[in-house]
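The values are calculated or read from the model by the stated rules, or taken from the named source; none is laboratory data. Here the structure is a predicted model, which is why all the values come from computation and not from measurement. For neighbour counting, all protein chains shown are included, and Cβ atoms are generated from backbone atoms with ideal geometry for every residue, glycine included. Just the protein is used for accessible areas: all its heavy atoms, side chains included, with ligands, DNA and RNA removed. Shrake-Rupley method; radii C 1.70, N 1.55, O 1.52, S 1.80 Å.
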Amino acid sequence: MPATPPASAPADAPAVTQATPTARPAKTAGTAPARPRSAVVFGVIALVLIGLNLRAGITGASALLHDLQAVLGYGALVAAIIPSIPTLCFAVAGAATSWLSGKLGVEKAILLSLALLAGGLLLRGIPATGMLVAGSVVGMSGLAICNVAMPSFIREHFASRTSLMTAVYTVTMTTGGTLTSVLVVPLAQALGSPSAAVGAVGIAAVAAFLGFVPVAMHAHRHAVRTTARHVSPWPLLRTRKGQLLTAIFTLQALLAYALLSWFPYMLTTMGLGASESGLMFGLMQLVSVPAGMVLIAIGSRPGMLRPAFYLVSITMMVGIAALLVLPVGLAAVPAVLLGFGLGIFPLVMVMISRSGTSTAETTALSTLAQSSGYLLATVGPFGMGLLHSATGSWSLPLVLLLGLALVQIVVSHLLTGKAMSAKPAGAPGTVAPDGARAEGK
């Protein structure tokens, strides 16, 4: 992003504490420091390995929750708590990411998060209820920190390619989640233990940790020992930008996790066989992979960001409506539509990566949007289960999701409007609207 002369700060701009320049070598205005080719290659490899892990730890456990309960023998309360652990950890641990990144740097914070993720997932392989819960908390806390820090990592290391690298990151994330959900059940059968299969998912997290070590070492060698610039995330909630980014992240996360948690079980209770329900679940996630690529390709074109958000939000609404009214024999229709609707996540991450005038502010915005968003999104999977238990039907939960999908369309309209770019050039918090490239191309 080219540097622009400073402008007077708008009324709603957050207070920024800055002691000395950032913990990186000084950069020439409008340019990024040259990086060795090996550092770029290792950065891309690390990005792919991290992406493959960021949903696998969730979908791997979701596919085996019934088997885990049957083998470990935990009760209904624990069974209700386990699916809510990811979003709760995303909210609590994610809130500390801005502070942690300021203390350690983005790369070291990500390395620490990958260590927690790998350790937690491996811990879940011990066949005991306590280890399953503790491992989930540790692993999902690492996942939370990594989720929040990745937009800042992309901004810092791939400033001129944020759209491309965000697409790579989110597509590999969805691919990893899809492959894990498909393969973990046969793996559990081959190993003779659902706990062993859930723990085996941690091996991929170990690979991501090892793949990121060279990136963290390169960043450490080239760091300057100065006090890092820090932006507190919470004052950003008083800004229009912070409010809208938090709102869109909350809505997409609530819809996504409500569906990811209950879609196969929903189809089973509607009369579809367990294997067919699993197949539809895999189809939904599989469709979200090319959907994210298509949506970023559309949204990156000048003037097309708003249509891209319209397209994905309307498709999500139609998919929920189809699930509500179509017979279960046509479950492939809502599976495809909902899968396309899940493709909104890459668009939201691109918006966050492009937002802010520095890595510190991008981290603060990512912390705000993800920690607040995931905390509120916990209502999705937990509320769906409670409403279904209370009413004995999925109609009311789906009608409420339909209403939230409509709200998502409204928020998407506001997020991509000209008002988001009304701040003076160079002022904190400018967001490029309607697909305008923030990289200065």
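Values as computed for the structure displayed
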item: Sites residue 40 and residue 126, calculated FRET efficiency, Cβ-Cβ separation with R0 45 Å, nearest 0.05; result: 0.70
item: Inter-site label distance for residue 92 and residue 297 at 7 Å from Cα along Cβ, in nm; result: 4.2 nm
item: Net lengthening on full extension, residue 325/residue 406 (0.36 nm per residue, minus Cα-Cα); result: 27.4 nm
item: Accessible solvent surface per residue of the stretch 50-151, calculated while the other protein chains remain in place, 1.4 angstrom probe, Å²; result: 33 Å²
item: 5 angstrom amide H check on residue 125, placed H, neighbours 5+ away; result: 199
item: Per residue value of the accessible surface for the stretch 325-398 (all protein chains in place, 1.4 Å probe), Å²; result: 29 Å²
item: Kirkwood hydrodynamic radius of the stretch 320-422, Cα pairs, Å; result: 16.1 Å
item: Residue 414-residue 76 pseudo-label distance in nm [points 7 Å out on the Cα-to-Cβ vector]; result: 3.9 nm
item: Surface accessible to a 1.4 Å probe, per residue, for the residues of the stretch 170-321, Å²; result: 41 Å²
item: Which of 413, 218 is most accessible, then next, and so on - probe 1.4 Å; result: 413, 218
item: Per principal axis, descending, Cα span of the stretch 237-358 in whole Å; result: 51, 29, 22
item: At q = 0.15, 0.22 Å⁻¹, base-10 log of I(q)/I(0) for the stretch 262-312 (Debye sum, equal scatterers on each alpha carbon); result: -0.54, -0.72
item: Rounded if a/c under 1.5, otherwise prolate or oblate - the stretch 108-196, Cα gyration tensor axes; result: oblate
item: Highest average packing first - 391-400, 124-133, 310-319, 337-346, Cβ atoms within 10 Å; result: 337-346, 310-319, 124-133, 391-400
item: Shape of the stretch 156-295, Cα gyration tensor, a/c cut at 1.5; result: oblate
item: When the stretch 160-222 is reduced to its Cα atoms, the Kirkwood hydrodynamic radius in Å; result: 14.0 Å
